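The values are calculated or read from the model by the stated rules, or taken from the named source; none is laboratory data. Note that the structure is predicted; figures quoted are calculated from it, not measured. Glycine also receives a Cβ, built like all others from the backbone with ideal geometry; neighbour counts cover every protein chain displayed. Only protein heavy atoms, including side chains, enter the accessible area calculation; ligands, DNA and RNA are left aside. Shrake-Rupley method; radii C 1.70, N 1.55, O 1.52, S 1.80 Å.
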Amino acid sequence: MSTVKHAARVAKGSTAFRRIARVGFVVLGLIHVIIGAIAITIAAGASGDADQDGAMEQIRNNPVGGLLLVLVATGLIALAVWQIASAFLAADPAETKKWGQRVKLFGIALAYLVVAGMALIYALGGNADSETASKTLSSVVLSAPGGVALLVVIGLSVVGVGIGFVVGGFTRGFEKLLDLPTGVARGGIVTLGVIGYFGKGIAVGVTGVLFVVAAVTQDPEKGAGLDAALHSLLELPLGGLVLGAVGAGFAIYGVFCIARARFARM
């Protein structure tokens, strides 16, 4: 473990590596902005995939899309390694809290690596359908012993992540992750964070609800991921307005991530 911690300290102490990891926040923000924009167009009556697939396809359609997707993957991989290094260096007087923080950081890193993998697939001309993957996950879990209960736990865990974002927005807990400037710029970044965390929290929370619905109905088709979650908002009263607002919040979270690239404590 001491060797691993030494490697983690070396990684976190590298100026070049920190700069690449900051690029990860920029590309993460770009993906959120694109997904949010797609959601807004869907709210206005257009069609599209408001998830990572749709974002990757939009980037690939750019004249230099392949190169951009490689840069996306590189930035996210660096950001994932940064999270893993932070996990190994996590310290807290309470052992339970320390391991809880490590699990959280490892989970974030895994999410970044999954999206990075998708970017590379699209860069090579392939396709990765996250909606199908979500349905397959639901099907596999439901077919396992105790699968219904397990899928409910997975769904509630995702709902919990969404609630965490919403709470983080209201409490402005994200401020401790940043070295914020003073004056008007500080207020602007905090506002982006509050709105962005709230918008992303709703989107993630609804995704978790769909997993619970898939478990209760024992229909894996219900657990279809982020795009299905955002489309489901259209079924609510004033659904177009609700989806548009959530899409705007998602995009604003992306802008916050781009600002975080500059002000993140790293």
Rounded accessible area per residue of the range 111-266, 1.4 Å, Å²: 48
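Longest segment of the chain with no trypsin sites (Lys or Arg not before Pro) in a DSSP loop having at most 14 other Cβ atoms within 10 Å?
Longest site-free region, per DSSP loop and neighbour criteria: 1-171.
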Under 5 Å, built H, 5+ apart or other chain: amide partners of residue 178: 265
The chain: calculated mean residue ellipticity at 222 nm from DSSP helix runs of at least 4, using -39500 (n - 2.57): -27000 deg cm²/dmol
Label-point separation in nm, residue 236 to residue 132, each point 7 Å along Cα→Cβ: 3.0
Rel. contact order, % - alpha carbon contacts under 8 angstrom, at least six apart, the chain: 29
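Just the number, please: carbon plus sulfur as a percent of the accessible area of the chain, 1.4 Å probe, no ligands or DNA/RNA counted.
Here carbon and sulfur together make up 68 percent of the probe-accessible area.
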For the chain: lysine pairs under 20 Å (alpha-carbon distance), excluding those fewer than 8 apart on one chain: 12
The range 42-176: translational diffusion in µm²/s, Stokes-Einstein, Kirkwood Rh over Cα pairs, 20 °C, 1.002 mPa s: 122
Whole-Hz couplings from phi, Karplus 6.51/-1.76/1.60, listed for the range 43-57; x for Gly and Pro: 4, 8, x, 7, 10, x, 9, 8, 7, 4, 4, x, 5, 5, 5
Additional length obtainable on full extension of the chain from residue 62 to residue 265, 0.36 nm per residue less Cα span: 69.9 nm
Virtual paramagnetic centre 7 Å along Cα→Cβ of residue 176, amide N under 13 Å, in the range 99-122: 101
Karplus 3J(HN,Hα) series, Hz, for the range 190-199 with 6.51 cos²θ - 1.76 cosθ + 1.60 (x for Gly, Pro): 5, 4, 4, x, 4, 5, x, 4, 5, x
